Amino acid sequence: MKQATFSPVFASMYCGLCDIARNNGYALTVHGTMNLDFDLVAIPWTDRAIEPEDLIELIADRCNLLTDQEFGTGIYQKAPEIKPHGRLAWLIIIGSGAALDISVMPKLSN
């Protein structure tokens with residue numbers, strides 16, 4: 001028998017996280033295997049896309065609602081890790097070893 005993974009938990013979280021992204025001008029996509037962490041990429045999609053840091057705060061707040069803040073949910077680092085092509089990456093700890101690894105593509109300046 002294979003070891004259990006967090007995949008079912010991550011899959012059930014996607015709709016709520018996707019709603020946050022869409023309501024704030026982003027498209028949200030899944031990237032990765034979903035075994036150990038939930039790899040997500042948020043892409044600015046409309047002119048009303050909010051700042052990446054604000055999007056991350058909203059997503060972390062939703063995770064707190066889902067898991068109870070005392071459970072251990074929080075943004076692992078406040079300053080994002082800068083990735084290739086300007087992606088900004090955060091790790092949001094959910095608890096019990098589960099985490100969201102989310103990258104946000106930067107908005108183009110007009």
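The values are calculated or read from the model by the stated rules, or taken from the named source; none is laboratory data. This structure is a prediction, so every number in the text was calculated from the model and none was measured. Quick reminder, even Gly has a Cβ in these numbers, built from the backbone with ideal geometry, and neighbours come from all protein chains shown. Heavy atoms of the whole protein, side chains included, go into the accessibility calculation; ligands, DNA and RNA do not. Shrake-Rupley method; radii C 1.70, N 1.55, O 1.52, S 1.80 Å.
Here are a few things to note about the model shown:
- Solvent exposure of the chain, expressed per residue, is 62 Å² of accessible area, with all protein chains present and a 1.4 angstrom probe.
- Cα-based helix-to-principal-axis angle, 52-67 vs the chain, degrees rounded to 10: 20 degrees
- Once the Cα-Cα distance is subtracted from the 0.36 nm per residue extended length, the Ile43 to Lys2 segment shows a gain of 11.4 nm.
- Spacing of the modelled spin labels on Val30 and Ile82, each 7 Å from Cα toward Cβ, amounts to 3.2 nm.
- For the chain, the 222 nm mean residue ellipticity estimated from helices alone, with every DSSP H stretch of n ≥ 4 adding -39500 (n - 2.57) and the total spread over all residues, rounds to -10000 deg cm²/dmol.
- The chain - share of DSSP beta bridges that are antiparallel (%, nearest 5): 75 percent
- Contour minus Cα-Cα distance for Asp61 and Cys15 (0.36 nm per residue): 15.1 nm
- Computed over the chain, the percent of Cα pairs more than 20 Å apart is 36.
- Ordering of 94-106, 18-30 by packing [mean C-beta count within 10 Å, highest first]: 94-106, 18-30
- The local environment of Ile92, defined by Cβ-Cβ distances under 12 Å, has a net charge of -3 under the rule Lys, Arg +1 and Asp, Glu -1.
- Computed over protein heavy atoms with a 1.4 Å probe, the carbon and sulfur contribution to the accessible area of the chain reaches 56%.
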